[in-house]
Amino acid sequence: MTGTIVVCVEDLRAFMIALLMGAGASAESAADAADVHVDADLRGVGVQGFDYLPYTLKSLERGLIDGAARPEIVRESAATALIDGRRGFGQSAAIAGADLAVRLASASGTATVAIRNSTDIFMLAFYAERIARAGKVGMVFTSGPPLVHPPGGMEKLLSTNPLAMAFPRAGGEPFVFDMATSALASSRVRQAAYDGTPLPEGSGIGPDGRPTTDAAAVRLGAISPLAGHKGFGLALCIGLLSGPLTGSGVGPELAGWQGQSGETRSQGHLILAIDPAAFGDAATFRDRTDWYLDVIRKSRSAPGSEGIRIPGERAARARRRSRREGVRILSASWHNVEPFARRYGVAPPGAFPPGETA
C-alpha cells in the first residue's frame, strides 16, 4: 500500500470540520461527521475515515447532502421509532438513532429505530459501540450504492451491505464486530487501486465478468460477495432491512451516489438495542461475555498460528496508540483532499513522516 503520514488527532478533526463547513455543512453536522471519520482513522488506516472525505465533499457540492439539515423523530412508540434524516449527514441521523435506541431499550427492554431519507453513515462500529458503552447490545445495518455482483451474475446490484454488533463487557472495551457482506469493503478496493496493490483471489470481477485481482479492474467491474451464496444471502437480507423496511432506496436505486448512471434515492439504516437487564442480571451477562471471550482467546493455537485474536481488539489497540502518537493517513488520501482545501481556502495542518510524533 502507498505511504502514510502522521497527523495530530485534534488537528485532523479540526481540518475535517473546516473542509466540511467549506463545502456547506453546518458546524454541528460537520462535527458529527468528523467524529465518525476520525474514530475510523484512529483504529488504523481508516477505510471509513479521512480517505472517504472527497466523496462527502463532492456529495455536498452536488447537492446530494443538505449540510444544514438535522434529523427529526417523526414516529415513536414504546419500543420503536422512525427518524427522518432530511437528506442531511447520515452520521448525525445515526448518532441520534443510537441514542434514541438506548433510551427506548432502557424502558422497554428492546428497541428498533429505523432511519429514512438519509445519506451514508460510514463506520457502523461507531454507533454499535456507542450503544454498548451505554450498557446495551447494539446492532446496526445499512445499505448503499450497488458495487457487488450476485453469484452467477456480473452486474452491480448489491451494496457491500455491512453490519455491526457490539456487546458491553465487565472489563475493558466493548466487544465490537463490524463487517461487510462483500469479499472486501469497497474502501479496500479503492485504496488498493491507488498504487496497484493486488487484491486477494476471489475479491471481484472485471468488466468482462472474469475474476481478477486488479483493483482498478474490479472498480470497473464488481466486487464479489463474501463466501459466495452465503454472503449474497446475508447482503440481500440487510438490503431489505435497510431499504424497503425503512422506506428507502436499495440496490440500483442508489447508483447515483457514486456518480454512476441511475437513481440517487436516499439511504436507510436500521438500529437495534437490547437491554440485558430485560432478560436477567446485566452484570452477570457482562461477566459471562468476558468469560467466553477469554476462553476462546486462551484456547490452543493451531500450528504456525500467532494466536487467537478477538474481533475488534486490534482496532482498540490502534486507537489507543493513535491518540498518543498521531493518526496515520495514506499519502494518496491526503493528496486527494488537497484540491478541496485550496478551493475552500482551508490551510492543512502539519504532517509528519511515520515514526515521528505528531
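The values are calculated or read from the model by the stated rules, or taken from the named source; none is laboratory data. Quick caveat, the model's predicted, so the values are computed rather than measured. Glycine also receives a Cβ, built like all others from the backbone with ideal geometry; neighbour counts cover every protein chain displayed. Quick note on the areas: whole protein, heavy atoms, side chains included, nothing else; ligands and nucleic acids left out. Shrake-Rupley method; radii C 1.70, N 1.55, O 1.52, S 1.80 Å.
Annotation note: Cβ proximity below 7 Å between a residue of segment 235-256 that is under 17 Å from Met139 (Cβ atoms) and a residue that is in a helix (DSSP H, G or I) and open to solvent by less than 10 Å² (accessible area, probe 1.4 Å) (sequence gap 6+ or interchain) occurs for Gly239/Gly251. The criterion of being touching a Pro at 6+ places or on another chain (Cβ under 8 Å), over 30 Å from Leu60 (Cβ atoms) and at pLDDT 90 or above holds for Arg286.
Kindly evaluate Val327 against the criterion of being in contact with a Cys (Cβ under 9 Å, 6 or more places away or on another chain) and closer than 30 Å to Ser159 by Cβ. The answer is yes for Val327. Any chance you could count how many residues in segment 316-330 are part of a helix (DSSP H, G or I) and surrounded by 17 or more Cβ atoms within 10 Å (Cβ to Cβ)? Number satisfying all stated conditions: 5. Screening Val137 on (1) crowded, with 24+ Cβ neighbours inside 10 Å; (2) within 22 Å of Thr246 (Cα to Cα); (3) not hydroxyl-bearing (Ser, Thr, Tyr) shows it passes everything except condition (1). Within segment 206-225, residues that are more than 11 Å from Gly153 (Cα to Cα) reach partners that are open to solvent by 80 Å² or more (accessible area, probe 1.4 Å) and in a helix (DSSP H, G or I) with beta carbons closer than 6 Å, at six or more positions or on different chains, in the pairs Pro207/Leu220.
Is it the case, given these coordinates, that Lys230 is out of contact with any helix residue (DSSP H, G or I) (no Cβ under 9 Å at 6 or more places or on another chain) and not hydroxyl-bearing (Ser, Thr, Tyr)? Yes: the conditions hold for Lys230. Considering each residue of segment 12-29 in turn, at least one proves to be out of contact with any Lys or Arg (no Cβ under 6 Å at 6 or more places or on another chain), open to solvent by 10 Å² or more (accessible area, probe 1.4 Å) and under 28 Å from Thr112 (Cβ atoms).
Residues of segment 22-48 that are more than 13 Å from Leu330 (Cα to Cα), assigned to a helix (DSSP H, G or I) and not aliphatic (A, V, I, L, M): Gly22, Glu28, Ser29, Asp32, Asp35, His37, Asp39. Within segment 244-273, if we keep just the residues that are β-branched (Val, Ile, Thr) and over 18 Å from the mean Cα position of the chain (by Cα), the residue that is least open to solvent (accessible area, probe 1.4 Å) turns out to be Thr246. Within segment 168-189, the set of residues being out of contact with any Pro (no Cβ under 7 Å at 6 or more places or on another chain), touching a residue at least 60 places away in the same chain (Cβ under 8 Å), open to solvent by less than 50 Å² (accessible area, probe 1.4 Å) and more than 13 Å from Leu124 (Cα to Cα) comprises Gly171, Phe175, Ser187. Tell me, yes or no, whether segment 71-89 has at least one residue that is within 20 Å of Leu330 (Cα to Cα) and open to solvent by 20 Å² or more (accessible area, probe 1.4 Å). No, segment 71-89 contains no residue that is within 20 Å of Leu330 (Cα to Cα) and open to solvent by 20 Å² or more (accessible area, probe 1.4 Å). Can you tell me which residue among Asp35, Asp41 is open to solvent by less than 20 Å² (accessible area, probe 1.4 Å) and in contact with a helix residue (DSSP H, G or I) (Cβ under 8 Å, 6 or more places away or on another chain)? Within the list Asp35, Asp41, the selection yields Asp41. Just one of Ser301, Ser248 is touching a Gly at 6+ places or on another chain (Cβ under 8 Å) and farther than 30 Å from Ala114 by Cα; which is it? The conditions single out Ser301.
Screening Ala192 on (1) farther than 30 Å from Asp99 by Cα; (2) without any contact (Cβ under 8 Å) to a residue 60 or more places away in the chain; (3) open to solvent by less than 50 Å² (accessible area, probe 1.4 Å); (4) part of a helix (DSSP H, G or I) shows it passes everything except condition (2). Answer yes if at least one residue in segment 35-55 is free of Cβ contacts under 8 Å to residues at least 12 places away in the same chain and in contact with a Leu (Cβ under 9 Å, 6 or more places away or on another chain), and no otherwise. Taking every residue of segment 35-55 in turn, none turns out to be free of Cβ contacts under 8 Å to residues at least 12 places away in the same chain and in contact with a Leu (Cβ under 9 Å, 6 or more places away or on another chain). Can you find a residue that is of a type in the set (Gly, Ala, Ser), under 18 Å from Ala93 (Cβ atoms) and buried (at least 24 other Cβ atoms within 10 Å of the Cβ) anywhere in segment 224-243? Among the residues of segment 224-243, at least one is of a type in the set (Gly, Ala, Ser), under 18 Å from Ala93 (Cβ atoms) and buried (at least 24 other Cβ atoms within 10 Å of the Cβ), which makes the answer yes. For segment 105-133, a residue qualifies if it is under 18 Å from Thr80 (Cβ atoms) and either of a type outside the set (A, V, I, L, M, F, W, C) or open to solvent by 10 Å² or more (accessible area, probe 1.4 Å) (or both), and the qualifying residues are Ser106, Ala107, Ser108, Gly109, Thr110, Thr112, Ala114, Arg116, Asn117, Ser118, Tyr127. Residues in segment 155-167 that are assigned to a loop (DSSP other than H, G, I, E, B) and surrounded by fewer than 23 Cβ atoms within 10 Å (Cβ to Cβ): Glu155, Lys156, Leu157.
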